[in-house]
Amino acid sequence: MKKKLMISLVCLCLTLIPGFSSAQDLLIKNGTVLTVTKGSILNGDVLVVGGIIKKVGKNIKAPKGIKIVDATGKYVIPGVIDSHTHIALTGTNEMGDAIVPEVRMRDVIDAESNSIYTALSGGVTMVHTMHGSGNPIGGENVVLKMKWGKTSEEMIVHEAYRTLKFALGENPKRASSSGVGTPRYPQSRMGVNAIIRREFSKAKNYMEQWDRYSKAKKSKKSAKNLIPPRKDLQMEQLADMMHGKMLARCHSYRADETLEFIKLSKEFGFKISCFEHISEAFKITKELAEEGIGISIFLDNWAYKVEASEGIAYNAAFCTQEGVLVSINSDSGERIRRLFNDAGKSIKYGGLSEDEALKLITINPAIQLGVEKIAGSLEVGKHGDIAIFNEHPLSIYTVCQMTIVEGEIYFDRAQYLKEREEMEKKKKAEVKNKKGGRR
């Protein structure tokens, strides 16, 4: 710990030396800056020093030696945030049991996954990568920065909320009767709801045991002979839920099941951050808005299974207009690079403004993940997570040109195309030499 602190202090001192510039320092010049929360700036600049945005405005003078990125004719936006995906993991579902809150996605991060680079190519700088939906109560999710080439620990966003995955409906009940191995409970929708209630009831009793032990321990008479209750990793996670240390992210499609889960949260006192997919959200906007529960959804993907059959393309826009906090997710290692296209569709399907549409993939998911103080908009004091596009990011013709995470360039399309061209030339030369050798 002391060693890390010393290194940080040395780096800080170096950045204060005139003419010194670190890898996390750069100035983006002359772009159309879409801040998301504070309007747009034509021919605007963004200065990032030490990975943090120091200035946003016009005619910012470049500190000596700093890297300058010319964004003339381009659009500069906050890095895109995907609030629901499963990339960069070596495992997604733990199917050995129906209830697995003790498993953690941070333990199976794959820092070498090509999906990280794919995400960067679409301007994505942060993701909420999650346990799958095969269990009524799944594992703990993790929020990552797309720091391609760094270690898994360096990618974790520690400022984000802790979240636990829940799943209702077809997926958990189908996984319980898939024909692989011995069928397990639950195998119906009512069973899914019942088993979640059962586990929270057990966790409530578990908390009461520890409360009694803690009170008794304070008593001088009985403290010596006390034996603490046995630790239970599953119950510890659910107890953290009821203590407000972790939030629920619940896979849900149908309105009726969603309302049942909201009742469960009130019964046991845990907080729901978001419902995932929820194609019938437009039916219960009043209840969602009143409870302050967000939704993380597809823009125009539905009818791929029975419970998704009533989805509509207007879901995101309508729910936004009714006061629900909405984000658009990919749930895909491929679709993740086109989230800005999905955001643009909300203008056609529902009439959202450009600012409202951009919020679906920037500040809204940041709020849902608890990272709005460091990401989601271009403001002084936030992390230098930035994406640069050749046209307006909501245009169907736009292409991401550069993706920056905490001031470091992790994706540069021009450089990528140059390197790819050189590789192709090298391959052709090698093939030619081999053919010449055969003669």
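Just so it is clear, none of the values below were taken in a lab; they were calculated from the coordinates. It should be emphasised that the depicted structure is a prediction, and the values quoted were computed from it without experimental measurement. Ideal geometry is used to build each Cβ from the backbone, glycine not excepted, and the neighbour counts take in all protein chains shown.
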Quick one: what are the phi-derived ³J(HN,Hα) couplings along the stretch 295-311, Karplus 6.51/-1.76/1.60 with θ = phi - 60°, whole Hz, x for glycine and proline? 10, 10, 9, 7, 7, 9, 10, 7, 6, 7, 7, 4, 6, 9, 5, 9, x
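Counting only C-alpha contacts under 8 Å and six or more residues apart, can you give the relative contact order of the stretch 80-376 as a whole percent? Present the calculation step by step, with values, prior to reporting the outcome.
Working: 613 pairs, mean separation 56.6, N = 297.
Relative contact order for the stretch 80-376 comes out at 19 percent.
Starting from the alpha-carbon convex hull of the stretch 160-305, give the projected area averaged over all orientations, in nm². Kindly include the intermediate steps, with their values, before the conclusion.
Values: hull surface 46.7 nm².
So the mean shadow area of the Cα hull is 11.7 nm².
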Of all DSSP beta bridges in the stretch 80-376, antiparallel share, percent nearest 5: 25
Tell me which of ILE156, ASN205, PHE166 sits at the most positive position along the dipole axis of the stretch 152-241, charges placed on C-beta atoms (Lys, Arg +1; Asp, Glu -1). ASN205
Links that overshoot a 28 Å alpha carbon limit, given the list LYS55/LYS145; LYS215/LYS373; LYS55/LYS359; LYS165/LYS263; LYS67/LYS382: LYS215/LYS373
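Where does the charge balance sit around ARG420 when Lys and Arg score +1, Asp and Glu -1, over other residues with C-beta under 14 Å from its C-beta? Show your work: numbers first, answer last.
Details: positive: ARG413, LYS418, LYS425, LYS426, LYS427, LYS428; negative: ASP412, GLU419, GLU421, GLU422, GLU424.
That sum, taken over residues with Cβ under 14 Å, equals +1.
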Show the residues, 5+ positions off or on another chain, whose built amide H is closer than 5 Å to the amide H of PHE411. THR403
Go through TRP302, ILE28, LEU264 and say which Cα lies farthest out towards the positive end of the charge dipole of the chain; charges sit on Cβ, +1 for Lys and Arg, -1 for Asp and Glu. ILE28
Taking the convex hull of the alpha carbon atoms in the stretch 80-376, what volume per residue do you get, in Å³? 143
How far apart, in nanometres, would the label points at THR37 and GLU334 be if each is projected 7 angstrom from Cα along the Cα-to-Cβ direction? 3.6
Considering amide H positions built from the backbone, and no H for Pro or chain starts, which residues 5 or more places from VAL124, or on another chain, come under 5 Å of its amide H? VAL80
Excluding same-chain residues fewer than 8 positions from LYS29, which aspartates and glutamates have a Cα within less than 14 Å of its Cα? ASP45, ASP70
Straight-line reach from LYS283: which aspartates and glutamates have Cα under 17 Å away, leaving out those fewer than 8 places along the same chain? ASP256, GLU257, GLU260, GLU291, ASP300, GLU307, GLU310, GLU322
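How big is the dipole moment of the chain about its Cα centre under a simple scheme where the beta carbon of each Lys and Arg is +1, that of each Asp and Glu is -1, and everything else is neutral? Debye, nearest 20, please. Walk me through the numbers before you get to the answer.
On the way: 65 positive and 52 negative charges, 333 e Å.
Computed about the Cα centre, the dipole is about 1600 debye.
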In whole angstrom, how long is each semi-axis of the equivalent ellipsoid of the stretch 281-439, when you take the square root of 5 times every eigenvalue of its Cα gyration tensor and sort them from largest down? 40, 21, 13
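I'd like the Kirkwood hydrodynamic radius of the stretch 11-158, using the inverse of the mean 1/r over distinct C-alpha pairs, in Å. Walk me through the numbers before you get to the answer.
Numbers: mean 1/r = 0.0569 Å⁻¹.
By the Kirkwood definition, the hydrodynamic radius is 17.6 Å.
Can you show me the helix-derived [θ] at 222 nm for the chain, built from DSSP H runs with n ≥ 4 at -39,500 (n - 2.57) apiece and divided by the number of residues, rounded to the nearest 500. If you can, show how the numbers build up before the last one.
Numbers: 13 runs with 149 residues, N = 439.
Mean residue ellipticity at 222 nm (helix-derived): -10500 deg cm²/dmol.
If packing is taken as the mean number of other Cβ atoms within 10 Å per residue, what is the order of 363-375, 144-156, highest first? Don't skip to the answer; put the middle values down first.
Numbers: 363-375: 23.2, 144-156: 17.6.
Peptide ranking by packing, descending: 363-375, 144-156.
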Residue by residue, what Karplus-based ³J(HN,Hα) values in Hz, rounded to whole numbers, does the stretch 35-49 have, using 6.51, -1.76 and 1.60 with θ = phi - 60° and x for Gly and Pro? 6, 6, 9, 10, x, 10, 10, 6, 6, x, 10, 9, 9, 10, 10
For the charge dipole of the chain, defined by +1 on Lys and Arg C-beta atoms and -1 on Asp and Glu C-beta atoms about the Cα centroid, which residue among PHE318, SER395, ALA62 has the Cα displaced farthest towards the positive pole? ALA62
Cα-based reach from LYS427 at 23 Å (exclusive), listing lysines while leaving out same-chain residues under 8 positions away: LYS418, LYS435
With θ taken as phi - 60° and the coefficients 6.51, -1.76 and 1.60, list the Karplus ³J(HN,Hα) couplings across the stretch 88-94 in order, rounded to whole Hz; mark glycine and proline as x. 6, 10, 8, x, 10, 10, 9
